[in-house]
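Trainee: Below is a structure I'd like to ask you about.
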Amino acid sequence: MVLPGHLAGGYLATIALLTVFPSDLTINQINTLLIIGTLAGEFPDIDLLFFNLKYRHNTANRNDSHRNYITHIPFFWLVSSLIVVIIGIIFNSTFTKYLGWVILAGTWSHFILDSIEYGIRWFAPISNKRFAIKLEVPEKPTSDRPGSLKQYFHFLVQTYWKMSTFWLEIIVTIVAICILARHL
Ligand SMILES: [Zn+2]
């Protein structure tokens, strides 16, 4: 899934969390949580930056994926979120506690969506096995540098639109926009 789907997923996960566990937070605090939760849907893809820098002058390993890095491990975000929640408990701050849970909801929505076809290492660091509902559509071999914009563009036009993820992404994004429009 690409940017719009992950942002929409993060937004929907945050809305669900705030609806199931209502709080006495102010409107401003809730809006701040919604923005952070939406962005958290994209946090795991921060590794694209490292990936791009790593292969800037080196095209050696074509089997490497940005999804091999630590920000694509659910356990990493579980620990990070729980640290924030514990800080909230220590300082008796409802907002900070919610902040921790919202980061967890947003980032894990990313992993659920990435588990449709790409596969996520749900049990890392214990096991490196990737779990996916469906096997990934093989990418057409190209001579593009891994992590480059050109490679990304070729992936979108040659492979991505044939994947179920693409169509699900459109649905998730439309649902998120409808809910957002109702709240505005
Ligand atoms: Zn991802």
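The values are calculated or read from the model by the stated rules, or taken from the named source; none is laboratory data. This is a predicted model, so every value here is computed, not measured. Here the Cβ is made from the backbone with ideal geometry for all residues, glycine too, and neighbour counts use every protein chain on show. These accessible areas exclude ligands, DNA and RNA; they are computed on the full protein's heavy atoms, side chains included. Shrake-Rupley method; radii C 1.70, N 1.55, O 1.52, S 1.80 Å.
Trainee: Report in % the part of the accessible area of the chain that belongs to carbon and sulfur, leaving out ligands and nucleic acids; probe 1.4 Å.
Mentor: 72
Trainee: Kindly rank 82-94, 64-76, 9-21, 99-111 from highest to lowest mean number of other beta carbons found within 10 Å of each residue.
Mentor: 99-111, 9-21, 64-76, 82-94
Trainee: What does the accessible area per residue of the chain come to in Å², with a 1.4 Å probe and no ligands, DNA or RNA counted?
Mentor: It amounts to 58 Å² per residue over the chain.
Trainee: How far is helix 27-40 tilted off the main Cα axis of the chain, in degrees rounded to 10, range 0 to 90?
Mentor: 20
Trainee: Once you wrap a convex hull around the alpha carbon atoms of the range 3-183, what is its projected area averaged over all directions, in nm²?
Mentor: Projected over every direction and averaged, the Cα hull of the range 3-183 covers 11.7 nm².
Trainee: Further question: Got a sec? Charge dipole of the chain, +1 on Cβ for Lys and Arg, -1 for Asp and Glu; which of L18, Q158, G5 is way out at the positive end?
Mentor: With unit charges placed on the Cβ atoms, the residue in question is Q158.
Trainee: Another question, if that's okay. Within the chain, how many Lys pairs sit with Cα atoms under 19 Å apart, leaving out pairs fewer than 8 places apart on the same chain?
Mentor: Lysine pairs meeting both conditions in the chain amount to 5.
Trainee: Right, another one. For S148 and L180, FRET efficiency with R0 = 22 Å and r from the beta-carbon atoms, rounded to 0.05?
Mentor: 0.10
Trainee: Right, another one. Which FRET efficiency, nearest 0.05, do S127 and S93 yield, Cβ-Cβ r, R0 35 Å?
Mentor: Between S127 and S93 the formula returns 0.50.
Trainee: Angle check, please: helix 94-114 long axis (alpha carbons) against the longest principal axis of the chain (alpha carbons), in degrees 0 to 90, nearest 10.
Mentor: Around 30 degrees separate the two axes.
Trainee: Any idea how far apart W161 and Q29 come out in nm if each label point goes 7 Å out from Cα toward Cβ?
Mentor: Taking the simple label geometry, W161 and Q29 are separated by 4.7 nm.
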